[in-house]
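Enquirer: Mind looking over this structure? Questions follow.
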Amino acid sequence: MGKRKQSLLLGIYFLSILVVSSVSVGFAEDRFQISGYGNAHMMKHDGLPKLLDRTTGLPMEDPNDVFFQIREFSLFMDFTVTEGIIASLEIEAGDDASVFTPNYAYVEIDIPTVLDIFQSESLSGLTLRVGKVLVPFLSYNENKPNFRQNLMSQPFTAWNISPVVPSPPDFVGLGWSDTGGILDWYHEVGDAGLVDLKLALINGIQSDSTVLDDNAIQLSSGPTVRPRDGLIQNGHDATRDNNQKKAIVAKLSLISTDLPLDLGFSWYQGAWDPAGNQDLTMQGIHLNWLDYFWTLKGEWVTADVEQVAGTNLFPGVGPAGLNTSTGDYEMNAFYVEGSVIPLRYGPNGDRYIRLVYRYDDVDTNDRALFTPFDRSRQTFGSEWQFAKNTRLRYEYQDHRIDSFERAPGPFIAAGGKRNVTMHMASIIFWF
Amino acid sequence: MTSIKMRSLVIKTTILFFLISLAAPLAWGEVDVYLIYSGKNKAEKKALMKALPKNITVKAYNADLLAVADYSGIQKAVSKFEKAGVIVVLRDRPLEMLKGASVNKDLIIVNGDKQGMKSSRWRIYLLDGAADLSPFDVNATTKNVGSMADLADKDALRSTNVLIVDDKKLKLNKVVSDLIGKSLAR
C-alpha cells in the first residue's frame with residue numbers, strides 16, 4: 001500500500017473513531033474539547049551545499065530552490081474521562097499533510113481531585129501525566145505551535161540541542177515527546193507568584209550506534225560525512241528504550257504575579273547508548289517576558305556527551321578526520337529574541353503589526369576539524385495579524401558559519417558558503 | 001511510516017479511545033463553582049470563598065499557571081471548568097490569560113471588563129460602584145443594583161450584561177453568591 005494511501009486511510013480511521021467515541025461518551029459537548037492550528041510556508045535559501053541520496057546516489061532536490069510546504073496541521077483533543085482525569089491527544093498532519101503523527105497521547109490525573117482532597121492548600125497543585133508526553137525541557141518545546149511564537153522558524157536551542165524540530169525538509173512530528181510520566185507540582189509563594197516543578201521519567205534520547213550524533217549526508221561532490229548537527233535525529237524514537245535505563249528530566253519555573261514574566265531552569269540526564277554506559281547531560285535556562293506591546297524571550301542550553309573516541313561510522317566513503325568520534329564533548333546554544341508592536345488596531349486591539357529580531361548561536365562541534373553547525377544567525381521578522389486567529393509572516397535569516405576557514409574542499413565544491421541566507425513567507429492560523 | 005508503526009499507532013489509539021468510552025458511565029464528581037483568579041487577587045478569592053454558602057462545593061484555579069502550561073493548556077483548563085455548574089472569574093488577569101476561551105456554562109465576571117472569554121449560555125459582568133463602562137459595547141444592557149430586591153426578576157437578570165453594584169449599600173460578594181445560587185437552581 002502506498003504511503004499516501006496509508007496516510008489517507010489512517011486519517012479516515014482517526015476521524016471515524018473520534019466520532020464514534022464522542023457519540024458513545026454522550027454529553028460530548030461537555031466532555032470533549034478540540035482545537036488546532038496549521039501553517040504553510042515558502043522558503044528560499046542561498047548557500048546550502050547540494051546533496052546526493054545516500055541510497056541511490058542520485059542528486060537530491062537542490063536545497064537552494066524555492067520550497068513550498070504545508071508544514072503542520074495539528075488537532076488537539078481533550079476528553080474529560082471523569083472529574084480530575086483528562087485524556088489528551090495531538091494528531092499532526094505533517095510534511096504536506098502526508099504523514100500523521102501522534103505528538104502526544106496521555107492521561108492527566110489531577111491527584112487532589114481524584115483523592116477528593118482538593119481543599120487542601122498544600123496539595124492542591126499536584127498532577128500526573130502518563131503516556132506519550134511533551135518533555136518539560138526549556139520553554140520552546142511546550143510552546144512550539146507557531147501561534148504561540150513570533151517567528152515561523154525555530155531557535156537553535158530547540159533544533160540542534162533540545163530535539164524539538166525534526167530534520168528538515170521532512171517536517172514530521174514537531175515537538176519533543178517521549179513515553180513516560182510527568183509529576184507536576186505548583187505552590188503559590190505568598191503574593192509574589194508561584195513555583196512550578198515538573199519531574200519526568202522518560203525513555204530518553206538515544207542512538208543504537210556507538211556515536212550519539214550519527215546523522216550522515218552525502219555531499220554532491222562525493223564524500224559521506226557526519227555533519228554533526230546535534231541531537232536532531234535522536235529525540236524522535238519515543239516508543240522504545242534502547243538500554244532500559246530511563247532518563248530523568250526536571251524543570252523548575254517561577255511565575256511572577258506582578259510582572260508578565262516566567263523564568264526557569266531545566267535539567268536532563270540519561271544514558272543514550274545500547275549498553276547504557278554513556279550519559280547525555282543537559283542544563284538550560286529560559287526567560288519569557290510577554291508584555292502587551294513588546295516581548296523578550298531567551299533560552300540557553302548546554303549538553304555534555306559521553307562518547308568513546310576513535311569510532312568511524314563511514315570508513316572509506318568519507319574523510320576520517322571529520323567522521324571519527326573524538327571522545328567526550330560539549331555542545332551549547334542560546335538565543336535572544338525581542339519583538340515590538342508599533343501598531344494595534346481593530347476590535348479590542350487584536351489586529352496588529354509586530355517587528356521581531358532574534359540572535360542565535362550554536363556549537364555542536366565535537367572538536368573535529370569542521371562542522372557547519374558551529375554558527376550564529378540573525379533573524380529579522382515581521383508579522384501581521386490581519387484577521388481573527390490568522391497571521392501573515394515574513395522573515396529573513398543570515399547564518400554565518402564560525403569556522404568556515406577550516407571547511408574542507410568537498411563542502412565548498414558542493415556549494416557550501418560561509419553565509420547562508422533565507423527568505424521565508426508564511427501564513428498561520430489556529431482555531 | 002512503516003506498516004508496523006502504523007499498526008502500532010492504530011492499536012494504541014484504539015485502546016485509548018476504548019478506555020475513554022468505557023469510562024463514560026462513571027459518576028461525575030460534584031463541583032458547583034469553579035473560581036478562577038490570579039495571584040494578585042488571592043485576598044479577594046479567599047473573601048469570596050468565605051462568603052459563599054457552605055453547601056456549595058468550590059474549586060479554585062490560579063490562572064497564572066497558564067504561563068507554564070503547554071500549548072493546549074487553555075483547552076485543558078476549560079475542560080476542567082466545564083465540570084462545574086457555574087464559572088466565576090475574578091478581575092482581568094485571568095480573562096487575559098484565557099483570551100479566546102469559550103465555556104458552555106454560566107460565566108460570572110467580577111470586577112473585570114476584558115471581553116476575551118465567552119459563554120455560550122450566559123455571561124454577566126459585576127462591577128463595583130466606581131465602574132468604568134467604556135470597555136463595554138454601547139448596546140450592552142446594564143442594571144444598577146442597590147439592594148437584593150433588584151435581583152429578584154430572574155428573567156430580566158439573564159438578559160442583563162453588566163450589573164453595577166452600589167458597594168456602599170451592598171457587598172459585591174453577596175451579589176455574586178446570589179447569582180451563583182440562581183444559576184445552580186436552573
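Enquirer: When Lys and Arg each count +1 and Asp and Glu each count -1, what net charge do the other residues less than 12 Å away from residue B:115, Cβ to Cβ, add up to?
Expert: In short, -1.
Enquirer: Please identify the longest segment of chain A free of exposed trypsin sites (Lys or Arg not before Pro), where exposed means a DSSP state other than H, G, I, E or B and no more than 14 other Cβ atoms within 10 Å.
Expert: A:55-239
Enquirer: At what distance in angstrom do the alpha carbon centres of the stretch B:49-98 and the stretch A:174-231 lie from each other?
Expert: Between the Cα centres of the stretch B:49-98 and the stretch A:174-231 lies a distance of 32 Å.
Enquirer: Just to confirm a number: summing +1 for Lys and Arg and -1 for Asp and Glu over residues other than residue A:355 whose beta-carbon lies under 12 angstrom from that of residue A:355, what do you get?
Expert: 0
Enquirer: So for the protein assembly as shown, taking the charge dipole from beta-carbon charges (+1 Lys/Arg, -1 Asp/Glu), which of B:63, A:201, A:51 sits furthest toward the positive end?
Expert: Among B:63, A:201, A:51, the one farthest towards the positive end of the dipole of the protein assembly as shown is B:63.
Enquirer: Which percent, to the nearest 5, of DSSP beta bridges fully inside the protein assembly as shown are antiparallel?
Expert: Of the beta bridges lying entirely in the protein assembly as shown, close to 85 percent run antiparallel.
Enquirer: Further, regarding this structure: Given C-alpha coordinates of chain A, what is the ratio Rg to Rh with the Kirkwood estimate of Rh?
Expert: Over the Cα atoms of chain A, Rg/Rh equals 0.97.
Enquirer: What FRET efficiency would be calculated for the residue pair residue A:53, residue A:277, taking the C-beta separation as r and a Förster radius of 45 Å, to the nearest 0.05?
Expert: 0.85
Enquirer: Could you report the accessible area of residue A:423 in Å², rounded to 10, computed with a 1.4 Å probe on the protein chains as they sit in the structure?
Expert: About 80 Å², ignoring ligands and nucleic acids.
Enquirer: Further question: Over chain A, what is the relative contact order in whole percent, taking alpha-carbon pairs under 8 Å and six or more residues apart?
Expert: The value is 14 percent.
Enquirer: While we're here: About the Cα centre, and with charges only on the beta carbon of Lys, Arg (+1) and Asp, Glu (-1), how big is the dipole of the stretch A:3-430? Nearest 20 debye, please.
Expert: Dipole magnitude for the stretch A:3-430 comes out near 1260 debye.
Enquirer: Using helices alone, I'd like the mean residue ellipticity at 222 nm for the protein assembly as shown: each DSSP H run of four-plus residues gives -39500 (n - 2.57), total over residue count, nearest 500.
Expert: Numbers: 11 runs with 104 residues, N = 617.
Counting only the DSSP helices, I get -5000 deg cm²/dmol.
Enquirer: In degrees, nearest 10, range 0 to 90: what is the angle between the Cα axis of helix A:3-25 and the longest Cα principal axis of chain A?
Expert: Roughly 10 degrees between the two axes.
Enquirer: Distance check, please: which entries in B:99/B:174; B:40/B:168; A:144/B:105; A:245/B:99; B:46/B:143 exceed 32 angstrom between their Cα atoms?
Expert: Working: B:99/B:174 27 Å; B:40/B:168 24 Å; A:144/B:105 30 Å; A:245/B:99 42 Å; B:46/B:143 27 Å.
With Cα atoms farther than 32 Å apart: A:245/B:99.
Enquirer: In chain A, with Lys and Arg counted as +1 and Asp and Glu as -1 at Cβ, which of these residues, A:421, A:384, A:326, has the Cα nearest the positive end of the dipole, that is, farthest along it?
Expert: Looking along the dipole axis, the top candidate is A:421.
Enquirer: As a test of reading the structure, rank A:182, A:285 by solvent-accessible area (1.4 Å probe, protein chains only), most first.
Expert: The ranking, largest first, comes out as A:285, A:182.
Enquirer: Describe numerically, in nm with one decimal, the distance between label points set 7 Å from Cα along Cα→Cβ at residue A:387 and at residue A:296.
Expert: Label-label distance for residue A:387 and residue A:296, simple model: 3.6 nm.
Enquirer: While we're here: Among residues other than residue A:334 whose Cβ falls under 15 Å from its Cβ, what is the net charge (Lys/Arg +1, Asp/Glu -1)?
Expert: -4
Enquirer: Give the accessible surface of the protein assembly as shown per residue, rounded to a whole number of Å², with probe radius 1.4 Å and ligands, DNA and RNA excluded.
Expert: 41
Enquirer: From the residues A:185, A:155, A:403, which one has its Cα farthest along the dipole of the protein assembly as shown in the positive direction, the dipole being from +1 and -1 charges on Cβ of Lys/Arg and Asp/Glu about the Cα centre?
Expert: A:185
Enquirer: State, in square angstrom and to the nearest 100, the accessible area buried between chains A and B, both chains counted, probe radius 1.4 Å.
Expert: 5200
The values are calculated or read from the model by the stated rules, or taken from the named source; none is laboratory data. Keep in mind that this is a model prediction, so the values were computed, not measured. We place every Cβ from the backbone using ideal geometry, glycine too, and count neighbours over all the protein chains shown. Note: accessible area is taken over every heavy atom of the protein model, side chains too, but ligands, DNA and RNA are not part of it. Shrake-Rupley method; radii C 1.70, N 1.55, O 1.52, S 1.80 Å.
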